[in-house]
Structures are given as C-alpha cells and as structure tokens.
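*Asks:* The structure follows.
The values are calculated or read from the model by the stated rules, or taken from the named source; none is laboratory data. Everything numeric here is computed off the predicted structure, so don't read it as measured data. Each accessible area value is taken on the protein alone, full model and side chains, heavy atoms only, with ligands, DNA and RNA left out. Shrake-Rupley method; radii C 1.70, N 1.55, O 1.52, S 1.80 Å.
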Amino acid sequence: MNTSTIHHGNKLSAFFCSLFGHHYVVSRKVTGHIKEYKCLHCQKQVTTDVSGKLSALTPQMQEINSTLEDMYRKRHNRQQVSQVA
Ligand SMILES: [Zn+2]
C-alpha cells in the first residue's frame, strides 16, 4: 500500500471549511477596496483581485498587492498633505 499522504494542514479544519465555507479575516489591507484575507481554520490565503472577486493569494498576487499598496500609500500621503496645506 502506498501511504504517501500529502498533509495539508489540519484535515478536520479543511473538512469544516468544505462544509461551512472558509472563515476569512482580513490579514492585510492593501488599498481602500483591496484586502488580503486568511482563513482562521485552514490558513488558506486569498485576496481581492482587480475585478473585486476573491482569488488565491499566489506569490505573484502578493507582489501585485505590494505594488498597489505602495502606490496607494504614496497617493494617500500626498492627498493628506494637500488637505493640510
Ligand atoms: Zn478555510
């Protein structure tokens, strides 16, 4: 018998998620409407993509989000400065 089972975190949690859906909490705020989420039960990470849907948080998506976050912060900072001035 081949018993080379791939362990994906907690099996019970994954089962719970498949029954009731993931319990996402915001793990990182990228921009005003783009956030990264993490499931409390199975630790699955997703992010809001440009179309506003949730998609898997791949290293590529993380990179895009970092760029977006950087742009958002710079723009936000500039707006704050212009409001004060
Ligand atoms: Zn989950």
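*Asks:* Carbon-plus-sulfur fraction of the accessible area of region 23-84, 1.4 Å probe, in percent?
*Replies:* Of all accessible area on region 23-84, carbon and sulfur atoms account for 53 percent.
*Asks:* Please compute the per residue accessible area over region 23-84 with all protein chains in place, 1.4 Å probe, rounded to a whole number of Å².
*Replies:* On a per-residue basis, 73 Å².
*Asks:* For R73 and L54, compute 0.36 nm times the residue count separating them, minus their Cα-Cα distance, and round to one decimal in nm. Don't skip to the answer; put the middle values down first.
*Replies:* Numbers: separation 19, 0.36 × 19 = 6.84 nm, distance 2.21 nm.
Value of the extension gain: 4.6 nm.
*Asks:* Something else: Would you mind checking which residues have amide H under 5 Å from S27's amide H? H placed 1.01 Å from N; only 5 or more apart, or other chain.
*Replies:* E36, Y37, K38
*Asks:* Give me a comma-separated list of calculated 3J(HN,Hα) values for region 60-73, in order, Karplus coefficients 6.51, -1.76, 1.60 applied at θ = phi - 60°, integers in Hz, x for any Gly or Pro.
*Replies:* Per-residue couplings from phi come out as 5, 5, 4, 5, 4, 4, 4, 5, 4, 4, 4, 5, 4, 5 Hz.
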